[in-house]
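Right, one structure below, let's go through it.
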Amino acid sequence: MPIQTVGILSPGDMGQAIASILNQHGLKTIAALENRSPRTRQLAAAANIQDVGSLTQLVIESDVVLSVLVPAAAAKVAQQVAQVITNVGKQILYVDANAVAPQKVKNIAQLIESSGATFVDASIIGPPPRIPGRTRIYASGKQAGEFQQLSNYGLDIRVIGDEIGQASGLKMSYAALTKGLTAISTELLIAAHRLGLDEQLWSEVSHSQPALASILLRSIPSMTPKAHRWVGEMEEIAETFKELGLTERIFYGAADVYRLVKDTSLGQETPEESDRERQLKEIINILADETATN
């Protein structure tokens, strides 16, 4: 099936950037923006995403529905879309690109397929794809090759297998490393600040672990406006590891770190509002002060 129109659920920071790339390469992207926030509407307009109003109209007009949501919303929105697909009776490809556990994405797949649609499991690794070569979308499932057509429109899509859950499993494993490390590092830097050992610790890390220091200088500043999304992602990783007979406690702890960050002034900023020039030392000072308990 040739793809001409992609429905985006939802045009937040990541969804908007994906849609912008597709638009730049000649595809039409649409979103259902009724009852959505002014920020979401502004992001959609900036990416030339067309507003079709309702979810029903989005399904009617789309060849592919691409779900890019916070993890907690993935199953609920899939259920809503499945009901619309059943009502409309249209053949459509539903791509779940959310950071959810493999067992959850399998349940979502059953829900979507029961409506008569086809399903692809996908995972996004990297930042919103505004710079070529930095973002990869892995896909699995029997229809993954159909979704890979979007590689012709500016996205880097890599099919890794026929099984639903493989792409999500890769995301869980990779994010456990990257975002898990960011959570641990944020907490230990706050601890060092409260111990009065900021400079001594950073001097040692910079000397003995220069590659790690370089990573933290990038990862922690970019994390703060996204912390609210990463709470759910860490919980999905915890459930993934628990299902595999491993300890889930590490990642519930990481979720707690992001829960603390999201309630600070830095966590309340949107990615557009966040000061990209703000230094790591200032960020840790703010987080240490604003997360202190009496």
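Coordinate-derived values only; no laboratory data. Nothing here was measured: the structure is a model prediction, and the numbers come from that model. Ideal geometry is used to build each Cβ from the backbone, glycine not excepted, and the neighbour counts take in all protein chains shown.
For region 5-163, what log10 I(q)/I(0) values come out of the Debye formula at q = 0.11, 0.12, 0.18 1/Å, with one point per alpha carbon and no solvent?
-0.37, -0.44, -1.08
Radius of gyration and Dmax for region 169-290's Cα atoms, expressed in Å?
Just the Cα atoms of region 169-290 yield Rg and Dmax of 14.5, 42 Å.
Provide F119, F147 in ascending order of the number of other Cβ atoms located within 10 Å of each residue's Cβ, fewest first.
In increasing order of surrounding Cβ atoms, one gets F119, F147.
Any chance you could give the angle, 0 to 90 degrees and rounded to 10, that helix 102-114 forms with the longest Cα principal axis of the chain?
20
Provide Rg and Dmax in Å for region 90-236, with only Cα atoms included in the calculation.
Rg, Dmax (Cα atoms, Å): 18.8, 62.
Against the longest alpha carbon principal axis of the chain, how many degrees, from 0 to 90 and to the nearest 10, is the axis of helix 74-88 turned?
10
Of E204, E277, how do they rank once you tally other Cβ atoms within 10 Å and put the fewest first?
Placing the least packed residue first, the sequence is E277, E204.
For region 169-290, give the magnitude of the charge dipole about the Cα centre (Cβ charges: +1 Lys/Arg, -1 Asp/Glu; no others), in debye to the nearest 20.
Here region 169-290 has a charge dipole of around 300 debye.
If I take every Cα pair under 8 Å that is 6 or more residues apart in the chain, average their sequence separation and divide by the length, what percent do I get for the relative contact order?
In percent, rounded to a whole number, it is 14.
Report the net charge of residues surrounding V88, where surrounding means a beta-carbon distance below 14 angstrom and charges are Lys +1, Arg +1, Asp -1, Glu -1.
Residues close to V88 contribute a combined charge of -1.
Would you calculate, for the chain, the mean residue ellipticity at 222 nm contributed by helices, counting each DSSP H stretch of 4 or more residues as -39,500 (n - 2.57) and dividing by all residues, to the nearest 500?
Dividing the helical sum by the residues of the chain leaves -17000 deg cm²/dmol.
Expressed in nm to one decimal, what extension gain is obtained for the pair N152 and S37 from 0.36 nm per residue of sequence separation less their Cα-Cα distance?
My answer for the length gained is 38.2 nm.
With the contact rule set at Cα under 8 Å and sequence spacing of 6 or more, what percent relative contact order holds for region 169-290?
34
Note down the Stokes-Einstein diffusion coefficient of the chain in µm²/s, whole number, using a Kirkwood radius over alpha carbon pairs, 37 °C, and 0.692 mPa s.
164
Placing +1 at every Lys and Arg Cβ and -1 at every Asp and Glu Cβ, with all other atoms neutral, what dipole size does the chain have around its Cα centre, in debye to the nearest 20?
420
Cα atoms only: what Rg and Dmax, in Å, come out for region 137-216?
Values for region 137-216 (Cα only, Rg and Dmax): 19.4, 55 Å.
For the chain, find the longest principal axis of its Cα atoms and tell me its angle to the long axis of helix 198-208, 0 to 90°, nearest 10.
Orientation of helix 198-208: about 70 degrees from the principal axis.
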